[in-house]
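The values are calculated or read from the model by the stated rules, or taken from the named source; none is laboratory data. Quick caveat, the model's predicted, so the values are computed rather than measured. Cβ placement follows ideal geometry from the backbone for every residue including glycine, while neighbour counts extend to all protein chains displayed. Areas reflect the complete protein model, heavy atoms only, side chains present, ligands, DNA and RNA absent. Shrake-Rupley method; radii C 1.70, N 1.55, O 1.52, S 1.80 Å.
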Amino acid sequence: MNELKLLIVDDVEDNRLILKAICQKLDGFEIREASDGIEAIESVEAWHPHIVLMDVMMPRLDGFEASKIIKARYPETVIMVVTAVMDPHMETNMAQIGVGTYIHKPVDKELIRFKLKSFGDLIRSKEGNFKKLSPKDTLNPFCTDIRHFKTIFDISDAEAMMDFGMWILSQCEQRMTTSCHRVDSTLELLYELMRHSTRDKDAMSIIVEESFEEIFVTMKFDNPIHTNLKITGLIDEMGDDCVLRENIACIRIRICDENKLHKTPIAQTIQPRINAVEAPVKHPVNIVVEPEPVVETKPVVEAVAEVAKVTRVIDTEEKELLRQSFVHKTAAVDYVRDIGGDVLDEIRDLESLDEEWGEKLRAFESEPTVANLHEFADGVLGIYVRGINNLFEFTALAYALSSLGAFLKEHAESVAQDNTKVKTLVMLLEHLGLDLVSWREHIFALQDTGDIHYLDSSFFSSCMQIEGIIGDKELDVDDDNDMEFF
């Protein structure tokens, strides 16, 4: 593998120029650009990049929907979200589709390079040769039941930092059926601690211990740890998974079952136990906290193009339909138990539409006629709407699909005459169909969702974004404090 392929996605040209200038400082990357989610998907299909730097708020198709499609088709593609929004709800939704790495604006160029280099090294080499020591006393304060080896890193420069970042990522990826909890935040904290040490020319060593469910990182510095506001914030975010004492930092990385991440809380913190190192305290008095230096930064420019735009306005009725889904939190197992058997049978009958959904889309793609698109709108979407209309709890979803069907029939002639729109529409409808299959499975078959409305806003948003993309309109919500569109 000579060069890794890096795709930068942002609708603002100035942002792309800044990110490209930052990334060009790294050796071994070939860089291309895309201006929105549609272009990103097309580039991924044609070029197959290894890493994508993905903006969130973009016209035509936003970063969330684009990432969802890309990860579904190419799960090995690494997506790093670049955003100015600190939104846990967005991060949760991103995590569910396989995205867990973020670059927050205003961008830290060194952090971007650190993450790119770490993921790049991981992609290039899945195996590393590291020194394994004979069993010794436990160093970490979290658990004594660890494997009988330790891994040591001596960190003295930026290259050693990159090696360690790649190693941590490789350890998480080697858990084939598991994923690491909060790896991105952990990676940032490790980076900040290492960077401050190397900047001050302090010697530092890292000792890694592992159990089958957790990784324990003990960082030992020659001098007392000096923290700034950013490090303090990351430590607070880590909670009980990070403890400090004088010149020692101990961090726990939990390994969680992917199938349980969305429905079970993280296990209770293990009572701290330690042998070789005295138990550290959470906020020791002898740690020096330095104020973050005031640096005049130029954030990425969020320019607004002054062009005439047709806007798709969400009316009051649509807002009320969407809001009602979030009034009560209802577990799937309780919901299915309470609904009648006849209604449940009708929902299960929708499984017969899965194959027909694909067949009618392929028929329209091979022969893009008004009749074929009407056949999909009436013969597939229409049946879905009739089935879901019997479920009062999902009025918003039925409305969204009904509105989409009416839109497709209204614009059938103009779509059929545009080959690009035909291919784009088929792609988006294929993905919507897969989402509906997942919706049925997790609510009515597996019954494993804690809230049956966990996908309501996503479905509503997806349908209206399809209308916006195909109808060359932008989505306008004048009351975005109540609803979230990705």
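Here Ile253 fulfils each of the conditions (1) surrounded by fewer than 21 Cβ atoms within 10 Å (Cβ to Cβ); (2) under 17 Å from Gly165 (Cβ atoms) apart from (1).
At pLDDT 50 or above, closer than 21 Å to Leu111 by Cα and either in contact with an Asp or Glu (Cβ under 6 Å, 6 or more places away or on another chain) or not in a strand (DSSP E or B) (or both): does that describe Ile235?
Details: at pLDDT 50 or above: yes; closer than 21 Å to Leu111 by Cα: yes; either in contact with an Asp or Glu (Cβ under 6 Å, 6 or more places away or on another chain) or not in a strand (DSSP E or B) (or both): yes.
When the stated conditions are applied, Ile235 passes them.
One residue stands out in the stretch 12-25 among those that are open to solvent by 60 Å² or more (accessible area, probe 1.4 Å) and within 20 Å of Arg60 (Cβ to Cβ): the one that is modelled with the highest pLDDT, namely Glu13. Being in contact with a helix residue (DSSP H, G or I) (Cβ under 8 Å, 6 or more places away or on another chain), at negative phi, at pLDDT 95 or above and not small (Gly, Ala, Ser) is a property that does not hold for Leu61.
Can you name the residue in the stretch 385-414 that is more than 24 Å from Thr369 (Cα to Cα) and of a type in the set (D, E, K, R) and, of all such residues, is surrounded by the most Cβ atoms within 10 Å (Cβ to Cβ)? Working first, answer last.
Step one: of the stretch 385-414, the residues more than 24 Å from Thr369 (Cα to Cα) are 386-399.
If we keep only those that are of a type in the set (D, E, K, R) too, we end up with 386, 393.
Details: Arg386: 13, Glu393: 17.
Residue satisfying both the conditions and the ranking: Glu393.
For the structure I just gave you, tell me whether Gln447 is of a type in the set (S, T, N, Q), out of contact with any His (no Cβ under 6 Å at 6 or more places or on another chain) and not in a helix (DSSP H, G or I). Yes: the conditions hold for Gln447.
Scanning the stretch 415-457 for residues that are among the polar types (S, T, N, Q), within 22 Å of the chain's Cα centre (by Cα) and buried (at least 19 other Cβ atoms within 10 Å of the Cβ) yields Thr449, Ser457.
Regarding Pro59, is this residue open to solvent by 10 Å² or more (accessible area, probe 1.4 Å) and in a loop (DSSP other than H, G, I, E, B)? Yes; evaluated as a whole, the condition is true for this residue. Each residue in the stretch 65-109 was checked for being assigned to a strand (DSSP E or B) and either of a type in the set (A, V, I, L, M) or open to solvent by 40 Å² or more (accessible area, probe 1.4 Å) (or both), and 7 pass. For the stretch 344-355, residues that are in contact (Cβ under 8 Å) with a residue 24 or more places away in the chain, more than 31 Å from the chain's Cα centre (by Cα) and either open to solvent by 60 Å² or more (accessible area, probe 1.4 Å) or over 18 Å from His442 (Cβ atoms) (or both) total 2. Looking across the stretch 31-56, the residues that are in contact with a helix residue (DSSP H, G or I) (Cβ under 9 Å, 6 or more places away or on another chain) and among the aliphatic types (A, V, I, L, M) come down to Ile31, Ala34, Ile38, Ala40, Ile41, Val44, Ile51, Val52, Leu53, Met54, Val56. Of all the numbered requirements in (1) modelled with pLDDT of 90 or more; (2) touching a strand residue (DSSP E or B) at 6+ places or on another chain (Cβ under 7 Å); (3) not polar (S, T, N, Q), Gly28 misses one, and that requirement is (1).
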